[in-house]
Amino acid sequence: MEQGMFEVTRNEDGWFWRLCDAEVCLAVGPKQYRSSEAARRRIDRVRDAAAELDDFDAEDFEYVEPPEAGDKPTLRVRGDEEHGIFDWVLRDDGETLAVTNFTYTERANAREAMRRFRHLATGAVPVYLVADETDTESDPFEVGMSNVRGALSLLTRGRDHRQFLDGIDTRIVVSGIRGKSSTVKRLDDVFRRRGYDTLTKITGNHPVLIRNGEVIPIERTGAHTTLYENINVLREFGPELESYTPDDVAIFENQGITEYTTRLINKRFVKPHVVVIANVRQDHQDTLGKTVRDLARAFARTIPAGTKVVNGEQNPVLAEYMREEIEQQGGEMRQVTIPADQQGRIGAETVYAVNDVLRWLDMEPVPEAQLNSYLDAIQPRWIRLPQGRIFNGAEINDIESTEAIRQALAGDDYVLPFVYLRSDRRSRTASFAKYLNTLADRDLIERARVGGAFTSVFASNVDVPVTEHERTEDAGDVIDDMFDEGYPVLTMGNTVDDFMRDLEVEIASRAKVAAIEAAD
């Protein structure tokens, strides 16, 4: 999850940045830039300035005169008591770095927004939005072998690709089930801020290459995001990758959904010095294995001989089993250890993996305060809409991660689950049916909602009343109907469908309305 994140995006006038808190834009930069790299540099300055506000207490700050050049960073509420208009501003060295996206009629609301900015700013990492989201994913078996053959032709090109690899001092691959993209972004963030020459490949709805903070959009030739994302990247963009060879560090997200494609990336294309396995969760069981032990073995067997491994999986039995498998492959494994005071926080294993990567490379670790800032930025909070509270957890589509989010948000209180199902994810469908029954047994839900494929079969296997929704229903009407139940809504299962895209847009639209109403 990325509850708080800096977005680097563009319009016809240039590049700009904004800091988002879930679906709400919390802060913006006062100017636009000619390149994504320049916008990224400004984000780093904002984060550095926010980090210098050591003893921050919003109640202590009132707007006075703008600071002079050379002064320390200041974060202040400013306002007009007579007209009831308040906002806040971050300044450093005589320059305005960030301002609120809204004006507020109450000073207290401006202070609360300022506190939230301070809480997120040092730990949020940049994401790059450079294109419209693509359509739904294809089933991997519908992609066919042409993509694999195309990738193999790239991988067997020989000398050029070996030179590409040899020209990079350190190659890192991130795989696993949950948190891959966010781990890649954090690693990119750490190496960039330390001045290394980097190339980073991030997968997802907006796949990009990032070269020293400059974004290079990956414009797919096909209409769909596919589960063979890496294969398509290798086939279509291999020469482009090689043209951006960095001297120091290359970081790749390995999106291979089968053991074969994951191993292909590791052993043939990247040949990493370090592999990060973020975690093992009950997902992709149709392609990686039916049990978590099968999944763990599949990841462990993709490790090339001589590779250093950082393993974030916290189940001690699975972790030891993976160590044995990795050592049999000729690799070495370092287990991520989470400090006692950070145990149980969402994504802690992926955040603390950063320092284990640095230790393998004999580099100075990130200070624990910065790691905790990364953690703060990804902890879930309810999105407050005018009608009630909702959290869109459908992208976190394994039951272990979903339960961790539910606990963080609701504890022992009731929620209303909305599960969206895909026809090509039958094992995922079965796992979510069992999950809802577990919640029902623990008296944590009274009823549920379901949409997508095989809804009637799903409903018949869940032990609480389940309302079924058609794909053609209006997402806004469904939200209103769910809020009428009186419980906060937690979506789960899948995001890849037009209905779920519409639901996400509807949530974002209503969240902005709620933010504006709070500002007014």
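Bear in mind that the values in this text are calculations on the coordinates, not laboratory data. Just so we're clear, the structure is a prediction, and the values are computed from it rather than from any experiment. Using ideal geometry, Cβ is built from the backbone for each residue, glycine included, and neighbour counts are taken over all protein chains shown.
Fewest to most neighbouring Cβ within 10 Å: what's the order for 479, 210? Provide the component values of the computation, followed by the final result.
On the way: 479 21, 210 25.
Fewest to most other Cβ atoms nearby, the residues stand as 479, 210.
Bin width 5 Å, origin at 0, all Cα-Cα pairs of the stretch 383-519: what percent of pairs per bin?
2, 10, 22, 25, 22, 12, 4, 2, 1, 0
Which of the lysines could a cross-linker span from residue 185 if the Cα-Cα distance has to be under 25 Å and same-chain partners fewer than 8 positions apart are dropped?
Residue 185 reaches 31, 201, 267, 271, 308.
If neighbour count is taken as other Cβ atoms inside 10 Å, put 310, 489 in order from fewest to most. Spell out each step's value before the answer.
Values: 310 27, 489 24.
Ranked by crowding around the Cβ, least crowded first: 489, 310.
List the equivalent ellipsoid semi-axes of the stretch 301-428 in whole Å, largest first, each obtained as the square root of 5λ for an eigenvalue λ of the Cα gyration tensor. Could the numbers behind the result be given before it?
Details: eigenvalues 207, 87, 29 Å².
Equivalent ellipsoid of the stretch 301-428: 32, 21, 12 Å, largest first.
Residues with beta-carbon under 11 Å from that of residue 247, excluding residue 247: net charge, scoring Lys, Arg +1 and Asp, Glu -1? Walk me through the numbers on the way to the answer.
Working: positive: none; negative: 169, 197, 248.
Taking every Cβ under 11 Å from that of residue 247, the sum is -3.
So what's the gap between the Cα centers of the stretch 176-205 and the stretch 91-119, to the nearest angstrom?
Between the Cα centre of the stretch 176-205 and that of the stretch 91-119, the gap is 28 Å.
Would you please report the Å³ per residue occupied by the convex hull of the alpha carbon atoms in the stretch 387-443? Intermediate results must be reported in sequence, preceding the final value.
Numbers: hull volume 4.9 nm³, N = 57.
So the per-residue Cα hull volume is 85 Å³.
What GluC sites (Glu not before Pro) does the stretch 392-456 have in DSSP loop regions with at most 14 other beta carbons within 10 Å?
none
What's the exposure ranking of 106, 349, going from fewest to most Cβ atoms within 10 Å? Mind showing how you got there, number by number?
Values: 106 14, 349 25.
Exposure proxy ranking, most exposed first: 106, 349.
Cα atoms only, the stretch 443-520: Rg and Dmax in Å?
Cα-based Rg and Dmax for the stretch 443-520 come out at 14.0, 46 Å.
Give me the extension gain from residue 423 to residue 485: residue separation times 0.36 nm, minus the current Cα-Cα distance, reported in nm with one decimal.
On the way: separation 62, 0.36 × 62 = 22.32 nm, distance 2.76 nm.
Roughly 19.6 nm would be gained on extension.
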